[in-house]
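The values are calculated or read from the model by the stated rules, or taken from the named source; none is laboratory data. These numbers were taken from a predicted model, which means no experiment stands behind them. Cβ coordinates were reconstructed from backbone atoms using ideal geometry, including for glycine residues, and neighbour counts include every protein chain displayed. These accessible areas exclude ligands, DNA and RNA; they are computed on the full protein's heavy atoms, side chains included. Shrake-Rupley method; radii C 1.70, N 1.55, O 1.52, S 1.80 Å.
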Amino acid sequence: MSLKTLCRVASTALALAFLTGCSMLLAREVYEESPHVEQRNDDSDATDLVAASESSLKNAIIQMVRTGMTEGTIQLLRYQGDPKRDLLNAVAEVSNEEPIGKYAVYYMTYDLTQVLTNYHVLISIKYRCTPEQIESIMQTSGRTGLKDLLRETISSYEPVLTVEMPYYDETDYDPHALLRELYFENPGFALGYPELAVTLYPDNGLRRIAEIDLKYKYPQSVMLSRVDAVKRSAEKLVVLLPFERDDLRLILEIHDLLAENIDFDFDAEADARFTGKTRSGDAWTIYGALVLGRAVGEGYALAFKQLCDALSIPCRLVSGQLSGEEHVWNIVQAGGNWYHMDVAADDMEGAYSWFLRNDNDMRVDHHWDEADFVCETESVPVETIRKDAGVQPDTDDASPPPDGGEPDNP
């Protein structure tokens with residue numbers, strides 16, 4: 001054999017040895033939390049993420065979930081740590097402890113490939129929700145932020161609100177309590193208390209995603225049409241009120257206007273009282289009061305607040321009892337002082353027994369949480385308002401005191 005031939009054989013042997021060595025470096029191991037399911041599709045993101053530690057590896061997986069990627073590659077470059085152990089931990093933590101993972105991920109699979117001194121991780125994700133649901137997650141912090149988002153949701157009668165919060169306290173952030181506050185604070189869309197269900201992801205911890213499902217009495221289109229009907233009815237009543245800035249006179253006019261245009265729905269009240277049915281019919285809504293013209297205490301109180309709001313008169317709703325039965329009325333501010341106002345009870349009696357009353361007068365027949373509502377100013381007789389407005393008082397309108405004594409005289 002010639003020297004040239006020997007050189008060619010030696011070169012070929014060296015090349016084969018080099019290739020064989022490289023193939024050993026490319027040996028691959030696969031780790032899975034569940035049986036591998038191929039999910040690659042046309043919308044997979046071809047951009048590789050990079051990680052150099054367990055925390056950055058975890059963040060890269062979270063980024064994939066937040067963007068709805070079904071498959072992607074993470075490059076482990078100059079990695080500090082045990083990639084096999086860290087990958088196992090990161091996938092488990094994202095799937096079970098991170099709010100976005102617990103909410104969105106059904107399961108993950110992964111392949112770990114070593115290339116020289118670096119690694120490639122191929123992550124495949126199966127989701128329990130749609131990309132649109134992930135994208136719709138709102139970010140907020142604090143009770144006020146959650147309340148604002150819930151207000152936007154129920155005012156447009158959307159069926160679900162998903163919120164991610166860095167700190168979630170189940171007592172302070174109770175969506176049921178917030179919904180009750182919003183319902184009484186915004187009578188224009190108080191058309192029946194919606195059913196509410198809350199699912200938290202994960203089950204414990206400070207950082208949570210809350211999925212709030214809301215079920216309304218009617219479809220969204222019907223609810224919105226009712227809102228428009230309430231608005232039109234309220235506007236028709238507001239234009240009948242006197243154009244002046246005497247709050248006491250305006251409050252009296254609102255009281256009388258509602259008493260004239262609404263009939264107390266004794267049948268609905270009796271049906272709820274004696275059958276134990278939920279107090280949730282139209283009679284308990286502003287729609288029943290202003291559009292249908294029939295309501296119980298809650299409907300009157302919502303209507304009273306709606307008209308006060310239109311005239312920038314501070315007003316709130318009080319939930320308590322009247323003669324031992326569930327009842328709702330108002331407190332209203334005039335001249336810097338707060339007073340009780342129960343239009344429904346006055347309408348039933350055909351008098352002004354519960355008009356601009358203080359706490360002491362109301363305690364005769366009403367009961368409420370007095371820590372939340374304090375009205376200590378002396379009650380204002382209706383005759384005083386009429387006299388100050390230059391209207392001749394009517395003896396039939398005299399306000400009998402709640403204890404049944406003689407009526408006040410001007």
Those strands (runs of 3 or more DSSP E) lying entirely in the range 1-119 with at least 2 residues at pLDDT 90 or above and closer than 30 Å to Asp203 by Cα: 49-51, 71-76, 105-115
When you scan the range 180-201, how many residues do you find that are touching a strand residue (DSSP E or B) at 6+ places or on another chain (Cβ under 6 Å), within 26 Å of Leu317 (Cα to Cα) and either buried (at least 19 other Cβ atoms within 10 Å of the Cβ) or in contact (Cβ under 8 Å) with a residue 40 or more places away in the chain (or both)? 2
Restricted to the range 355-369 and to residues being hydrophobic (A, V, I, L, M, F, W, C) and either under 34 Å from the mean Cα position of the chain (by Cα) or open to solvent by less than 10 Å² (accessible area, probe 1.4 Å) (or both), the residue nearest to Gln321 (Cα to Cα) is Trp368
State which residue pairs qualify: first residue exposed (fewer than 15 other Cβ atoms within 10 Å of the Cβ) and inside the range 139-154, second residue outside any loop (DSSP other than H, G, I, E, B) in any location, beta carbons under 7 Å apart, and separation of 6 or more residues or different chains. Gln139/Glu164; Ser141/Met165
Suppose the filter is under 34 Å from the mean Cα position of the chain (by Cα) and open to solvent by less than 60 Å² (accessible area, probe 1.4 Å); does Leu57 pass it? yes
Mind counting the residues in the range 280-336 that are part of a helix (DSSP H, G or I) and either in contact with a strand residue (DSSP E or B) (Cβ under 6 Å, 6 or more places away or on another chain) or in contact (Cβ under 8 Å) with a residue 60 or more places away in the chain (or both)? 21
Taking the stated definitions as given, is Asp372 within 32 Å of the chain's Cα centre (by Cα) and open to solvent by 60 Å² or more (accessible area, probe 1.4 Å)? yes
Out of the range 329-350, which residues are open to solvent by 10 Å² or more (accessible area, probe 1.4 Å) and of a type in the set (A, V, I, L, M, F, W, C)? Trp338, Met348
Qualifying residues in the range 262-285 (those that are surrounded by fewer than 19 Cβ atoms within 10 Å (Cβ to Cβ) and more than 22 Å from Arg180 (Cα to Cα)) - the one modelled with the lowest pLDDT: Thr275
